[in-house]
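Worksheet: the structure to be examined is printed underneath.
The values are calculated or read from the model by the stated rules, or taken from the named source; none is laboratory data. Being a predicted model, the structure only gives us computed values, none of them experimental. Here the Cβ positions follow ideal geometry from the backbone for every residue, glycine too, while neighbour counts run over all protein chains shown.
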Amino acid sequence: MVPHEHEIRLAAFKWLEEQTAFDDVLPRTLLEKGFTYQGQRVTLIGPQGIWKPKVFKSIPLSITTTPKSAYGDRFQDGFLLYAYRGTDPRHRDNVGLSLARAGQTPLIYFHGIMPGKYVAAWPVYIVAEDPRSLFFSVAVDDRVINFAQDTYSEVEDDARRRYITSTFNVRLHQRSFRVRVLEAYRNQCAFCRLRHAELLDAAHIIPDRELGGEPLVPNGLSLCKIHHAAFDRHFIGVSPDYEIYVHTDLLHEQDGPMLRHGIQELHRTRLILPKDPRQAPDRDRLAVRFEQFLRAI
């Protein structure tokens, strides 16, 4: 790897760390703009999924899976299978990823969870390639290890990378669920209308570990963090008719303005619903959850 390019990669990783300090879902416009390194513009994403900024010679900086990609990128057996560009293994973009594999050059992976919004993983490595199936195998690795992969055995390397890649795949599903739920509720708490997205969560009506707990918008509520915690612990419930109820113990408790205005005054008010009726909370799921709330009273 050309030392100058290596320094730019490290600068790109550092820039991503800064951009994801508070929210790891990044807008595409930010990635297209990129950052400036020693007077040169470094873009992190572009029209092609395999992206090499102008300041790089031959090895790409990033690979991208767009939302609703038609290329068949998928996670399988602990790795990401990333499609070749086209059907010619000798295409310069495919050759660039082959060179990245040969030199164990760290890349960035961007996964689109919805149009215009991406989650990033870095460093990622090309660990295998199959010109017959036209797929590269990609592994996410630990950010704190040295890029020279000589501190782990090959077996340890493989196991670590499979685990980290699988963990990233789980995170993708979680982030996708959050973004879709918050967007459905217009980035506000469905209980109190708080509109600061940094303070909002996507709460499952049926927990994801249970039957019916799929990460679907009708199984979610956009809630601020305090109301999410209260909902999870059955201090607050929502009926199938979209009415909010507060646990009787809290209704009779006296503990300052937060309890009074933030929770008690929610009792028997109406849930704020998405504009699209198809995204409204599923009544059957609410019925199951509300029965659990009633048992806790």
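A few notes on this one:
- Residue match in the range 218-227 (condition: on the phi < 0 side of the Ramachandran plot, exposed (fewer than 13 other Cβ atoms within 10 Å of the Cβ) and hydroxyl-bearing (S, T, Y)): no
- Positions within the range 125-145 being within 17 Å of T66 (Cα to Cα) and within 21 Å of the chain's Cα centre (by Cα), in sequence order: V138
- Criterion violated by L30 - all others in (1) farther than 21 Å from R178 by Cα; (2) under 22 Å from the mean Cα position of the chain (by Cα) satisfied: (1)
- All positions within the range 82-106 that are among the β-branched types (V, I, T), part of a loop (DSSP other than H, G, I, E, B) and either out of contact with any Asp or Glu (no Cβ under 9 Å at 6 or more places or on another chain) or within 14 Å of Y71 (Cβ to Cβ) (or both): T87
- If you filter the range 16-55 down to residues that are in a helix (DSSP H, G or I), of a type outside the set (D, E) and in contact with a Gly (Cβ under 8 Å, 6 or more places away or on another chain), you find that the one that is surrounded by the most Cβ atoms within 10 Å (Cβ to Cβ) is R28.
- Matching residues, the range 221-244, being part of a strand (DSSP E or B) and under 16 Å from L273 (Cα atoms): L221, S222, L223, C224, G237, V238, E243, I244
- Filtering the range 249-285 to residues that are assigned to a helix (DSSP H, G or I), loosely packed, with under 11 Cβ neighbours inside 10 Å and at pLDDT below 95 leaves D249, P257, M258.
- For V288, the conditions (1) at pLDDT 95 or above; (2) aliphatic (A, V, I, L, M); (3) loosely packed, with under 12 Cβ neighbours inside 10 Å are fulfilled apart from (3).
- Some residue of the range 57-68 being modelled with pLDDT of 95 or more and touching a Ser or Thr at 6+ places or on another chain (Cβ under 7 Å): yes
- Selection count, the range 121-131, where residues are in contact with an Asp or Glu (Cβ under 7 Å, 6 or more places away or on another chain) and farther than 20 Å from Y84 by Cβ: 1
- Residue check, L294 more than 18 Å from D208 (Cα to Cα), in contact (Cβ under 8 Å) with a residue 12 or more places away in the chain, in a helix (DSSP H, G or I) and over 31 Å from the mean Cα position of the chain (by Cα): yes
- Which listed residue is over 20 Å from L99 (Cβ atoms) and at pLDDT 95 or above, from G34, G49, G39: G34
- The sole residue among D93, D73, D77, D88 that is buried (at least 19 other Cβ atoms within 10 Å of the Cβ), under 21 Å from I126 (Cβ atoms), in the same structural domain as D157 (by TED's automatic domain parsing) and among the acidic types (D, E) is D73.
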